[in-house]
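Notes for the one structure printed next.
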Number of protein chains: 2
Amino acid sequence: MAYRETEKVRARKETIKLRLFKAAEELISEAGFKGASVAAIAARAGVATGTVYRYFPDKSALCAEVFRHVTQREVDQVAASLNTPGGIDDRLRLAIATFARRALRGRRLAYALIAEPVDPVLDQERLNYRQAYAELFSQTIAEGVNSAALRPQNPKVSGAALVGALAESLIGPLAEQIKSYVPGLSSDMQPPITADHPIIIDIAEFCINAVGPIPKR
Amino acid sequence: MAYRETEKVRARKETIKLRLFKAAEELISEAGFKGASVAAIAARAGVATGTVYRYFPDKSALCAEVFRHVTQREVDQVAASLNTPGGIDDRLRLAIATFARRALRGRRLAYALIAEPVDPVLDQERLNYRQAYAELFSQTIAEGVNSAALRPQNPKVSGAALVGALAESLIGPLAEQIKSYVPGLSSDMQPPITADHPIIIDIAEFCINAVGPIPKR
């Protein structure tokens, strides 16, 4: 019996943790990290405020875990794009479009992850996830340099630069789009942004030129 | 007499404020924003901790003013580089080298300004100063597009992307360099980094390729 109870308690704890996660992600998607107070997260998840503190020491710790969870999903998408079959520049173009399109569709959440002024704990998470992207892009750039598909360059420098270019150029459009965001409407219901949206083409053009594909003879 | 006293008080207040600024900048240059506590700033400036609060409501407000002051100096240097006579790509190259060289020479201070996890007040200052750089680069890029010296592109997107590339690619090298930083030695005494340092050439090459100078016929 003791064993069964433990299992039951563990499952219940897991359920509540997932509800807190979901509530936090929803609130961040609606109003950024500043909208995700412990009280608001608790209310959205249908638990008492005090319950949150049984799972996370404070708002920062909860938000940091949500940050890691959400960005891992995004990093995985970019990794998948970079690992499709095809030429280096096509794969880079696809990865850039994937990142930008998902950011522009997620708007408020993407702005929160990329640019919203946050506390040092989340700033550190931001450094980590940009590093993860940089490593992915660096690998593909190194592959391109080795196969002479891209000009000679330092893949580590170019990978980081590409991530910086991608993130920074989206901050303005995301901030603009947040103004036209319809609250209460899920991301999927917001006007769709396709891979050929002008801003995405502009960013991809900048990045692809930067790493310099060498034309095939 | 009353008038003279007021003048004297005002001058004295101005002196203390400048000393606090100088102390804060020194501490940030040595150990980042996390090293610039109100107590440490007061001690370095030779005033009581309580005195600091007569000039600034809190550490954030003081650090934000130092941030603005220091970054304005950097923005001015980049603006001057962009406004030298010469071709668009030479001016962009000079501005990129100026930013990178000054950052790498200032190391700890540059890392604090660009990447150190900080509180939301300083994150907001960071957004503002990146915006200032982006506008400068956008102007020069627009000029280049209009004169057909650069490929057709959206100067606003490219200006922001260029600043992102520049800042992000420096984070790794700055973090590395901080490890070899000699504490107590002023920035000028640290091993010099010249405009032809490999990392600066790599970053400049990425950025110049990105905006795509059109070869003169």
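What follows draws every value from the coordinates through simple rules; no lab data is involved. Please read these numbers as outputs of a predicted model, since none were measured by experiment. Methodologically, a virtual Cβ is constructed for each residue, glycine included, from the backbone with ideal geometry; neighbour enumeration extends over all protein chains shown.
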Mean other chain Cβ within 10 Å across B:109-120 is 3
With an 8 Å cut-off on Cα pairs and a minimum separation of 6 or more residues, tell me the relative contact order of chain A in percent.
21 percent
Net charge dipole size for the range B:60-211 [Lys, Arg +1 and Asp, Glu -1 on Cβ; Debye, nearest 20]
80 debye
Can you work out the Karplus-derived ³J(HN,Hα) for every residue in the range B:128-142? Use 6.51 cos²θ - 1.76 cosθ + 1.60 with θ = phi - 60°, whole Hz, and x for glycine or proline.
5, 6, 5, 4, 4, 4, 4, 5, 4, 5, 4, 4, 5, 5, 4
Modelled FRET efficiency - R0 41 Å, B:Ala48 with B:Val121, Cβ distances, 0.05 increments:
0.95
How far is A:Ser37 from the same spot in each other copy, in nm, shortest first, if each label point sits 7 Å from Cα toward Cβ?
3.0
Ranked highest first by average number of other Cβ atoms within 10 Å, how do A:160-172, B:132-144 line up?
A:160-172, B:132-144
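Per-residue Cβ counts within 10 Å, from other chains only, averaged over B:201-213: what number is that?
Values: counts 2, 7, 5, 0, 9, 15, 4, 2, 9, 11, 4, 5, 0.
For this peptide, the per-residue mean of nearby foreign Cβ atoms is 6.
Starting from the Cα gyration tensor of the range A:1-66, multiply each eigenvalue by 5, take the square root, and state the resulting semi-axes largest first in whole Å.
Details: eigenvalues 123, 21, 19 Å².
Output for the range A:1-66: semi-axes of 25, 10, 10 Å.
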Report ³J(HN,Hα) in whole Hz for each residue of the range B:101-109, in order, from the Karplus equation J = 6.51 cos²θ - 1.76 cosθ + 1.60 where θ = phi - 60°; Gly and Pro get x.
5, 5, 5, 5, 6, x, 5, 4, 5
Quick one: what are the phi-derived ³J(HN,Hα) couplings along the range A:34-41, Karplus 6.51/-1.76/1.60 with θ = phi - 60°, whole Hz, x for glycine and proline?
5, x, 9, 6, 4, 4, 5, 4
From the label point of B:Pro57, set 7 Å from Cα along Cα→Cβ, how far away are the matching label points in the other copies, in nm, ordered shortest to longest?
2.8
Under 5 Å from the placed amide H of B:Leu150, counting only residues 5+ away or on other chains, we find B:Val145, B:Ile214
Alpha carbon Rg of the protein assembly as shown, scaled by the compact-globule rule 2.2 N^0.38 Å
1.09
Can you give me the relative contact order of the range B:1-94 as a percent, contacts being Cα pairs under 8 Å and 6 or more apart?
19 percent
Distance violations [Cα-Cα > 18 Å] among A:Lys59/B:Lys59; B:Lys17/B:Lys59; B:Lys34/B:Lys59; A:Lys17/A:Lys59; A:Lys156/B:Lys34:
A:Lys59/B:Lys59; A:Lys156/B:Lys34
Taking only the alpha-carbon positions of chain A and ignoring solvent, what does the Debye formula give for the base-10 log of I(q)/I(0) at q = 0.17 Å⁻¹?
-1.14
At 7 Å along Cα-to-Cβ for each site, give me the label-to-label distance between B:Gln131 and A:Asp58 in nm.
2.8 nm
